[in-house]
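J.: Structure provided below as structure tokens; questions to follow.
Please treat every number below as a calculation from the coordinates, not as lab data. Worth saying up front: this structure is predicted, and the values here are computed from it rather than measured. Reconstructed Cβ throughout: ideal geometry from the backbone, glycine too, with neighbour counts over all protein chains shown.
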Amino acid sequence: MMYEKIAENFLKNNGCLLLNHRVVKINHQNNKIKSIVISNKSKQKTISSDSYISSMPITELVQRLSPQPPKEIIQASKNLHYRSFVTASLVLSSSEPFPDTWIYVHSPEVKIGRVQNFKKWSHFMVSDPDKIALGVEYFCTEGDELWSMTDKDLIELALTELEKIKLIKKSDYLDGFVVRAEKAYPVYDSSYPKNIKLVKEYLANFKNLISIGRGGLFKYNNMDHSILTGLYAAENLLGASHNLEEVNADQEYQEEKTENGD
């Protein structure tokens, strides 16, 4: 809902929004991005601009540069990895199984990683008082068993596991759908500090390119911090000098702050 409102305001201010497109090439020359080539499967289009803000995974950004970066930079980007997840969104005729917006599940007998209770986020998300909506999340890797499950099988798995840990009754199920999120979490393995340093030092040479967000910075920010990097990037284009790497560097989350700063 929030992003739809942002898009609405953007279009009202004469913005151009292209959905369902992928960046397939990023042309550069003399340490500046000159243009990008985007594709919506049926045709390609080249777009030129003075400045570029990228939230795409930093690994894909590097690998789409043309001319290609040096081999060691390409290899460093390939050594960086992300985890993905799939969500089975379920509508049930039931009372809420827990009072929280979400819970993590640690029971070893199920594969569920987290359960979202959308009604607790906002009653606008589930306005019917006799229904609930749960997002059953599975952390996975693109191409593995969970990622490759059909939507029907994943919904069945989610219902079975929720009933197994006594959160719902399968008989209350009304409807559902599946959402797959690619490259949702940067993987902090033992080699990532060296690899991300090489990649970011190389990208810093481009004077009109700013990477933002969890994927673009390869940084495990929450949604608030990720949005903040985008706002700071926009302000930097207008003359500010925010350091995006410092966002969330203190490990302090907004919801944990109190009025006296403790």
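J.: Calculate how steeply helix 192-203 sits against the longest principal axis of the alpha-carbon atoms of the chain, using the helix alpha-carbon long axis, and give the answer as 0 to 90 degrees to the nearest 10.
T.: 50 degrees
J.: In addition: Which distance in nm do the two modelled labels at ASN208 and ASN14 give, with both placed 7 Å along the Cα-to-Cβ direction?
T.: Each label point lies 7 Å from its Cα, and together they span 2.0 nm.
J.: Which residue fluctuates the most in the chain, going by a Gaussian network model with Cα springs under 10 Å, if the choices are PHE139, PHE124, PHE85?
T.: Maximum among the listed residues: PHE124.
J.: Separation of segment 200-227 and segment 92-143 by C-alpha centroid, Å?
T.: So the separation of the two Cα centres works out to 30 Å.
J.: Name the aspartates and glutamates eligible as straight-distance cross-link partners of LYS170: C-alpha to C-alpha under 20 Å, and not fewer than 8 places from it in the same chain.
T.: GLU96, GLU109, ASP128, ASP130, GLU137, ASP151, ASP153, GLU156, GLU161
J.: Taking LYS169 as the anchor, which lysines have their alpha carbon closer than 17 Å to its alpha carbon, excluding any fewer than eight residues away along the same chain?
T.: Leaving aside lysines fewer than 8 places away in the same chain, those within reach of LYS169 are LYS131.
J.: Which three extents, in whole angstrom, do the alpha-carbon atoms of the chain cover along their principal axes, largest first?
T.: 63, 44, 42
J.: Checking the table LYS5/LYS207; LYS78/LYS219; LYS111/LYS152; LYS119/LYS183; LYS71/LYS197; LYS32/LYS219 against a 19 Å threshold on Cα-Cα, which pairs fail? Spell out each step's value before the answer.
T.: Numbers: LYS5/LYS207 31 Å; LYS78/LYS219 16 Å; LYS111/LYS152 16 Å; LYS119/LYS183 26 Å; LYS71/LYS197 15 Å; LYS32/LYS219 24 Å.
Violating the 19 Å limit, Cα to Cα: LYS5/LYS207; LYS119/LYS183; LYS32/LYS219.
J.: Okay, next question. Give me the net charge for the shell around ASP50: Cβ to Cβ below 15 angstrom, other residues only, Lys and Arg +1, Asp and Glu -1. Could you put the intermediate results ahead of the total?
T.: On the way: positive: LYS32, LYS34, LYS207; negative: none.
Combined, the nearby Lys, Arg, Asp and Glu give +3.
J.: For each of GLU109, GLU72, count neighbouring Cβ atoms within 10 Å of the residue's Cβ, then give the residues from fewest to most. Don't skip to the answer; put the middle values down first.
T.: On the way: GLU109 7, GLU72 11.
The order, fewest Cβ neighbours first, is GLU109, GLU72.
J.: For segment 82-186, what does the relative contact order come out to in percent, with C-alpha contacts under 8 Å and a separation of six or more?
T.: Computed over segment 82-186, the figure is 44 percent.
J.: Nearest 0.05, what FRET efficiency do PHE98 and THR150 give at R0 = 35 Å with Cβ-Cβ as r?
T.: Numbers: r = 28 Å, r/R0 = 0.81.
My answer for the efficiency is 0.80.
J.: Figure the gain on full extension for ASP128 and SER107 (residue separation times 0.36 nm, minus the Cα-Cα span) and round it to one decimal in nm.
T.: Details: separation 21, 0.36 × 21 = 7.56 nm, distance 3.05 nm.
My answer for the length gained is 4.5 nm.
J.: From the mean inverse distance of alpha carbon pairs (Kirkwood) and the Cα radius of gyration, derive Rg over Rh for segment 82-186.
T.: Working: Rg = 13.2 Å, Rh = 13.9 Å.
Dividing the radius of gyration by the Kirkwood radius yields 0.95.
J.: Still on this structure, please answer the following. Given a Förster distance of 25 angstrom, what is the FRET efficiency for SER191 paired with LYS71, based on the Cβ-Cβ distance and rounded to 0.05?
T.: So the FRET efficiency works out to roughly 0.90.
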